[in-house]
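Chemist: This structure is in structure tokens; I'll ask about it shortly.
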Amino acid sequence: MIVYYIITKNGQKYYYKDGKRITEIEGKHLGARKKTASNSKSKKTSPSPSGRKKKPIDQLVPCKDHQYRDEITRRCRNKPKITSKSKKASPSPSGRKKKPIDQLVPCKDYQYRDEITRKCRNKPGYKKNKVVPKINVREPVPIRVSSQRWQRITQIATDCASRSKMKLTDSQLKVVEFMENNNGLLVVHATGLGKTLTAVTCSQCYLDNNPLSKVVFVGPPSTCSNFEKSMKETYGVKNKNKYEIYTLNKFWSDHVDGRPISLRNAFLIVDEAHNVRNVDGVMASILINAAFKADKRLLLTATPFVNSLLDLIPLINMVHGRKIVGSKREFDAVEVEQWITHDITERNLTKIALLLQDKIDIVDYKDPENYPERINHHEDIPMGEKYYEIYKSLISREEFMGIQFKSPERFYNGYRRAVNNAGTDYWSRKVDYSIPILESGKSIIYTNWLKFGIEPIAKVLRDNRISYAEYSGKVSKNDRISILERFNTNKIKVLIITRAGGESLDLKEVKNVVVLDPPWNDASLEQIVGRAIRYKSHYLLPKEERKVNVYFLSLVKPDSVLEEDAVMSGDKKLYEIIKNKRDISNEIMPLLKRESSIR
């Protein structure tokens, strides 16, 4: 029998027999060779202290003057301060008699009594075990209130709406009551019906029931300032700790910069929700995905779709809080054309309406007692012959008649280039026609373009000494507030607005609305007119003066050109596009209203 052993680097001995490792021979256990200081190379292993001789106390480093040597631990400790004035120090013991040591609270088994400080100290070699903190396994406390409180639907109007300084209408109260017991609603109320007040009241009721939650408002810059103003005027909300107000651009930029806005346990309000219509856009998708995590979602708009029924995709998904309609391809399954339809059937439109069943509320009726009368005027203005010839050649070059309006944006942008290149006759004739209208009373005039719209209008108004102000995207927030205040107090006679002024403007006692050049969708056109026709916007005027005249100006062929030789003007074609889109709206809105959540 051959037995041999191997000693490893750390001094461990292993025995082997016939090539196999063994642990005992003839019943005798073969233990590992003990490590010694000489053969151990482990840096962390120190020699056993049992064989180490302690130095005498007189050979140790002497303690400092304010210290003493502990005879047990042989460490230097601070002497007790008799006259210490710290908060932890007890009153001066000079007048107090110390208790004998045997009368003090006895130390624990692992401690000893320090004869100088009379304190209990841990004995040498004692290691204090770390206390493992207890893990709280309880369920998190829910932020929602009890289920019984959610049943107080009819009491909300008393609790929340009664605090408003402005009385809510029946349509507004129904939305507030509905949102108490539901998580999502698309509010399609006509312009001027007070959607902002409805949103503020819903937010106040939500915070009453969920005091630890917050309200997140997203909308255009003009609606953000209106929401803040309504909070202060109707509910006196000055502390905005519970409110976070963002524009869509700010919401997106914070997400891109690594500061995404959390909507957990939040009430999301999206004003002018039709602006989130680019379902494939990055900016829109960020808001849509964030909305899925919100506790409640309230979407406000007067025009749920602007260009086509595809605009409903993000609204359908957001109001449901999950992805209902995925892509344009899925949505096209309802067989609806993108923006001009040739075959819209009630069956196809019903499919779309069912996606918003019990998730939409539509109010388009305006009480004549509280709203001014609207009078439409379609005015045709003949072009100059020279301008017409230039315009005709440019239209032919752009081949507008050949595109058959497959894209309204393409026609609109091309028409804009043609107008700009044709000369100033387009603006001069329309502006000259508008001057008598603007002089007759308080008016707003709308144009799509800044350089070729606002500038020529402003020049003519200055020449005719008509007070005016410009409300466009380049005007700052503070200036916008000042301009609106001056206009509503009759210090300004004419307000020039662009697309930035087409949303959430609350104007008072407007007599005339002049649409200098039309947008290319009916929704934008109604937004413009809706700035002048508001709830109780004319109630201070006599009843016979509660009227708003809306003028739609169109350039047409010169009188000298025969009808069969004439080219349809761009204005007429744009109004034709608007009419086609209005026809779609007139078909689907009754179906959507039939699926309304609030009966």
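Nothing in this text is a laboratory measurement; each read-out follows from the coordinates by a stated rule. In this text the structure is predicted, and so the values were computed from the model without any measurement. Note that we place each Cβ from the backbone using ideal geometry, even for glycine, and neighbour counts take in every protein chain shown.
Chemist: With a ≥ b ≥ c taken as the square roots of the eigenvalues of the C-alpha gyration tensor of the stretch 487-585, please select rounded if a/c is under 1.5 and otherwise prolate if a/b is larger than b/c or oblate if it is not? Kindly include the intermediate steps, with their values, before the conclusion.
Modeler: Numbers: a/c = 2.43, a/b = 1.91, b/c = 1.28.
Here the stretch 487-585 falls in the prolate category.
Chemist: Oh, and also: For Asp559 and Lys97 in the same chain, what is the full-extension length gain: residue separation times 0.36 nm, less their Cα-Cα distance, in nm? Could the numbers behind the result be given before it?
Modeler: On the way: separation 462, 0.36 × 462 = 166.32 nm, distance 12.09 nm.
My answer for the length gained is 154.2 nm.
Chemist: Return the distance in nm (one decimal) between the two label points of a simple spin-label model at His378 and Cys120, each offset 7 Å from Cα along Cα→Cβ.
Modeler: Between His378 and Cys120, the label points sit 9.9 nm apart.
Chemist: Okay, next question. Too long at a 29 Å Cα-Cα cut-off: which of Lys195/Lys250; Lys250/Lys572; Lys242/Lys351?
Modeler: On the way: Lys195/Lys250 22 Å; Lys250/Lys572 38 Å; Lys242/Lys351 39 Å.
From the list (Lys195/Lys250; Lys250/Lys572; Lys242/Lys351), the Cα-Cα distance tops 29 Å for Lys250/Lys572; Lys242/Lys351.
Chemist: Applying the Karplus parametrisation 6.51 cos²θ - 1.76 cosθ + 1.60 with θ = phi - 60° to the phi angles of the stretch 353-359, what ³J(HN,Hα) value in whole Hz is obtained for each residue in order, glycine and proline being reported as x?
Modeler: 4, 5, 5, 10, 4, 6, 10
Chemist: A follow-up question, please. Arranged by the count of other C-beta atoms within 10 angstrom, fewest first, what order do Tyr433, Tyr235 take? Walk me through the numbers on the way to the answer.
Modeler: Numbers: Tyr433 15, Tyr235 18.
Lowest count first: Tyr433, Tyr235.
Chemist: How high is the relative contact order of the stretch 213-317, in percent, with contacts defined as C-alpha pairs under 8 Å that are six or more residues apart?
Modeler: Values: 157 pairs, mean separation 31.2, N = 105.
Answer for the stretch 213-317 is 30 percent.
Chemist: While we're here: Can you pick out the pairs among Lys165/Lys229; Lys459/Lys511; Lys474/Lys557 whose Cα atoms lie more than 24 Å from each other? It would help to have the intermediate numbers written out before the result.
Modeler: Numbers: Lys165/Lys229 13 Å; Lys459/Lys511 22 Å; Lys474/Lys557 35 Å.
Result: Lys474/Lys557 exceed 24 Å.
Chemist: Okay, next question. Please list the non-local residues whose amide H lies under 5 Å from the amide H of Val550, H modeled 1.01 Å from N, same-chain partners needing a gap of 5 or more.
Modeler: Amide H neighbours of Val550: Ile375, Asn376, His377, Val513.
Chemist: Non-local amide H neighbours of Lys119 (under 5 Å, H modeled in plane, Pro and chain starts lacking H): which ones?
Modeler: Amide H to amide H, under 5 Å and 5 or more residues apart or across chains, Lys119 pairs with Asp114.
Chemist: While we're looking at this one, here's another question. Highest mean first, what order results for 486-496, 517-527, 251-261 on Cβ atoms within 10 Å? Intermediate values should be presented prior to the final figure.
Modeler: Details: 486-496: 17.4, 517-527: 22.7, 251-261: 13.5.
Result, highest mean Cβ count within 10 Å first: 517-527, 486-496, 251-261.
Chemist: Through the Karplus equation 6.51 cos²θ - 1.76 cosθ + 1.60, θ set to phi - 60°, convert the phi angles of the stretch 247-263 into ³J(HN,Hα) values in whole Hz; use x for Gly and Pro.
Modeler: 7, 4, 5, 5, 4, 6, 5, 4, 5, 5, 7, x, 10, x, 7, 7, 10
Chemist: Could you work out the relative contact order of the stretch 160-286, using alpha carbon pairs under 8 angstrom and six or more residues apart, expressed as a whole percent?
Modeler: Working: 128 pairs, mean separation 33.3, N = 127.
Relative contact order here is 26 percent.
Chemist: Order of Leu173, Leu312, Leu450, Leu355 from fewest to most other C-beta atoms within 10 Å?
Modeler: On the way: Leu173 18, Leu312 25, Leu450 13, Leu355 21.
The most exposed by this proxy come first: Leu450, Leu173, Leu355, Leu312.
Chemist: Something else now. Taking the highest mean first, how do the peptides 357-366, 376-385 order by number of other beta carbon atoms within 10 angstrom per residue? Mind dumping the intermediate values first?
Modeler: On the way: 357-366: 17.9, 376-385: 14.4.
Highest to lowest by the protection proxy: 357-366, 376-385.
Chemist: Rounded to whole Hz and in sequence order, give me ³J(HN,Hα) for the stretch 198-204 from the Karplus expression 6.51 cos²θ - 1.76 cosθ + 1.60, θ = phi - 60°, writing x for Gly and Pro.
Modeler: Karplus values, whole Hz, x for Gly and Pro: 4, 5, 4, 5, 4, 5, 5.
Chemist: List every residue whose amide H lies under 5 Å from the amide H of Arg75, counting only residues 5 or more places away in sequence or on a different chain, with H placed 1.01 Å from N in the peptide plane.
Modeler: Asp70
Chemist: So, counting K/R as plus one and D/E as minus one, what does the shell of residues with Cβ under 15 Å around Ser253 add up to?
Modeler: Numbers: positive: Lys250, Arg259; negative: Glu244, Asp254, Asp257.
Residues near Ser253 contribute -1 overall.
Chemist: I would also like to ask the following. Quick one: order Arg322, Arg374 by neighbouring beta-carbon count within 10 Å, fewest to most. It would help to have the intermediate numbers written out before the result.
Modeler: Working: Arg322 9, Arg374 15.
Lowest count first: Arg322, Arg374.
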